[in-house]
1. Scan the range 81-99 residue by residue and report those that are surrounded by 10 or more Cβ atoms within 10 Å (Cβ to Cβ) and part of a loop (DSSP other than H, G, I, E, B).
2. How about the range 135-169: which of its residues are of a type in the set (Gly, Ala, Ser) and touching a residue at least 12 places away in the same chain (Cβ under 8 Å)?
3. Quick one: count up the residues across the range 245-269 that are surrounded by fewer than 18 Cβ atoms within 10 Å (Cβ to Cβ) and touching a residue at least 60 places away in the same chain (Cβ under 8 Å).
4. Could you pull out the residue among Leu28, Leu98, Leu76 that is hydrophobic (A, V, I, L, M, F, W, C) and at pLDDT below 90?
5. Of a type in the set (A, V, I, L, M), on the phi < 0 side of the Ramachandran plot and modelled with pLDDT under 85 - does that describe any residue in the range 444-461?
6. Would you check if there is a residue in the range 300-310 being touching an Asp or Glu at 6+ places or on another chain (Cβ under 8 Å) and surrounded by fewer than 19 Cβ atoms within 10 Å (Cβ to Cβ)?
7. Identify, please: which residue in the range 215-235 is over 15 Å from the mean Cα position of the chain (by Cα) and closer than 19 Å to Ala109 by Cα and is, among those, modelled with the highest pLDDT?
8. Within the range 27-62, which residues are over 30 Å from Thr434 (Cβ atoms) and part of a helix (DSSP H, G or I)?
Amino acid sequence: MSLQKRKLFWLRYSRLIIALLLPLLCLLLPLEWYPIEGLTLVERRIIAIFVMAALFWILEPIPIYATSILIIALELILVSDAALAPFRAGDPAELGPLLSYQKIMATFASPIIILFLGGFFLAMAATKFRLDLNLARVLLRPFGTKPERVIMGLMGITAIFSMFMSNTATTAMMLSILMPILQVLDPKDRGRIALALCIPVAANIGGMGTPIGTPPNAIALKYLTGADAIAFSEWMAFAVPFAILLLFFGWWLLLRLFPFQSTHIELDIKGRFQQNPKAYIIYVTFAVTILLWLTDFVHGMNAYVVAIIPVAVFLATNIITKEDLKRLSWDVLWLVSGGIALGVGLEDSGLADHLVSSVPFDVLPPVIIILLAAVLAAVMANFMSNTATANLLLPIVGALGVSLDSLQGIGGATVLILGTALASSMGMALPISTPPNALAHASGEISTGQMAKVGIITGFIGLLMIFGLLYILKLTGFF
């Protein structure tokens with residue numbers, strides 16, 4: 001084994017050892033040693049699972065989707081009503097409430113998972129029949145050949161696609177359009193950096209516009225129920241204008257930091273819309289699904305029910321085949337389902353309420369609480385998956401929003417959950433922060449420092465805009 005391989009081996013397994021030691025310590029510590037009084041055995045096990053999830057998602061000794069499956073497995077074995085017999089034995093008062101194994105397993109088919117599945121089917125069908133590329137060709141044509149207008153067009157189209165498709169797939173497609181242009185431009189033209197960076201910036205921002213655009217949005221909907229529920233169209237009503245404003249700031253920033261020397265850029269995208277029965281089915285299904293999502297207040301079907309329509313149509317018409325199903329982003333679905341299971345554990349065990357009640361949050365002004373939650377989410381999302389960030393923070397934030405009387409006057413749980421979810425999308429400073437960043441950095445056109453400069457400034461302005469958005473939503477009576 002080479003020296004490099006040995007270093008990688010020990011780095012990986014040292015991360016694994018570190019990530020396992022703390023959860024084991026949580027399990028082995030006597031209950032009276034915990035700073036939180038009155039913890040049950042089930043709550044202590046949930047703390048160990050939570051610590052393990054956080055460390056595994058940050059250090060990544062195993063893939064992050066594998067961590068989610070591990071969460072579900074450990075909850076079933078350790079804290080469910082079908083757990084291993086020794087873990088269900090003992091005084092009920094000391095043990096605490098066991099979780100329903102059916103509820104834990106149901107996270108694999110949660111409405112949130114179906115919502116994402118519908119989005120994935122739309123994206124896969126669009127890519128398979130070149131609908132995305134042809135739409136990009138048509139929509140980019142009016143922007144002409146001036147560099148600043150070309151970048152505006154690229155960012156706008158990328159953001160729109162990212163609202164309804166995987167931002168990873170969108171970034172890959174848009175970068176494939178962009179690479180021939182970058183090869184023609186003068187290597188010394190700093191505008192090359194702006195062109196390469198505009199795609200991930202727009203993909204990250206555009207995903208905030210819809211509940212299916214990025215996992216933190218959909219996870220937030222899981223905790224916005226009952227009177228706090230937000231419909232698909234309601235989300236877009238405030239999130240799309242927010243994304244547009246932040247997109248314009250990103251466009252201005254890129255042109256300011258990396259000005260063009262060239263005065264002319266020619267986009268050459270070849271192709272035409274397919275004209276066959278399956279293509280027409282895709283066009284109609286795509287349009288009908290989005291229309292139903294936008295008009296849920298008229299027909300009464302929520303976004304989760306509508307999402308099953310493209311799944312059924314594309315499978316029934318063999319547009320999505322068995323081979324296509326193998327290429328679906330199951331890792332994202334598993335990642336989200338593991339986060340939902342972690343939320344179930346925190347809520348149903350009573351640990352979330354217990355944690356919130358043990359910390360004197362009520363002495364802090366509500367604005368400071370919102371600020372701290374949003375900043376923490378943005379910082380964490382720069383160093384780990386924004387999905388994992390939302391998975392860890394939203395269950396606690398949701399319980400905090402419900403329990404604090406001081407927050408009720410400014411929107412309660414809704415304002416805290418929205419702020420945290422949107423802030424999770426502000427982590428875009430590093431190549432590891434988001435898949436679009438990683439893809440753009442892999443092009444070789446961008447240094448980590450250049451990406452960090454744009455990501456930090458955009459993220460900071462985005463956080464300020466989130467607070468402004470929440471204030472406007474409060475004034476308009478949204479919550």
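1. Asp81, Ala82, Ala83, Leu84, Gly90, Gly96, Pro97, Leu98
2. Of all residues in the range 135-169, those of a type in the set (Gly, Ala, Ser) come to 136, 144, 153, 156, 159, 162, 166, 169.
Matches in the range 135-169: Ala136, Gly153, Gly156, Ala159, Ser162, Ser166, Ala169.
3. Of the range 245-269, the ones surrounded by fewer than 18 Cβ atoms within 10 Å (Cβ to Cβ) are 245, 248-249, 252, 255-257, 259, 261-264, 266, 268-269.
Filter once more, keeping what is touching a residue at least 60 places away in the same chain (Cβ under 8 Å): 245, 249, 255, 257, 259, 261-264, 266, 268-269.
Here the count works out to 12.
4. Values: Leu98 fails: at pLDDT below 90; Leu76 fails: at pLDDT below 90.
Selected residue: Leu28, the only one of Leu28, Leu98, Leu76 that is hydrophobic (A, V, I, L, M, F, W, C) and at pLDDT below 90.
5. Within the range 444-461, the first condition is being of a type in the set (A, V, I, L, M), and the residues that meet it are 446, 451-452, 454, 456-457, 461.
Within this subset, residues satisfying the condition of being on the phi < 0 side of the Ramachandran plot are 446, 451-452, 454, 456-457, 461.
Remaining after also requiring modelled with pLDDT under 85: none.
No, every residue in the range 444-461 fails to be of a type in the set (A, V, I, L, M), on the phi < 0 side of the Ramachandran plot and modelled with pLDDT under 85.
6. Quick first cut of the range 300-310, residues touching an Asp or Glu at 6+ places or on another chain (Cβ under 8 Å) only: 302-303, 306.
Still in the running and surrounded by fewer than 19 Cβ atoms within 10 Å (Cβ to Cβ): 302.
The answer is yes, given that some residue of the range 300-310 is touching an Asp or Glu at 6+ places or on another chain (Cβ under 8 Å) and surrounded by fewer than 19 Cβ atoms within 10 Å (Cβ to Cβ).
7. Residue satisfying both the conditions and the ranking: Leu224.
8. So the first thing to find is which residues in the range 27-62 are over 30 Å from Thr434 (Cβ atoms), and the list is 27-45.
Those that are over 30 Å from Thr434 (Cβ atoms) and part of a helix (DSSP H, G or I): Leu27, Leu28, Leu31, Glu32, Trp33, Leu41, Val42, Glu43, Arg44, Arg45.
The values are calculated or read from the model by the stated rules, or taken from the named source; none is laboratory data. Keep in mind it's a predicted model, so treat the numbers as computed, not measured. Using ideal geometry, Cβ is built from the backbone for each residue, glycine included, and neighbour counts are taken over all protein chains shown.
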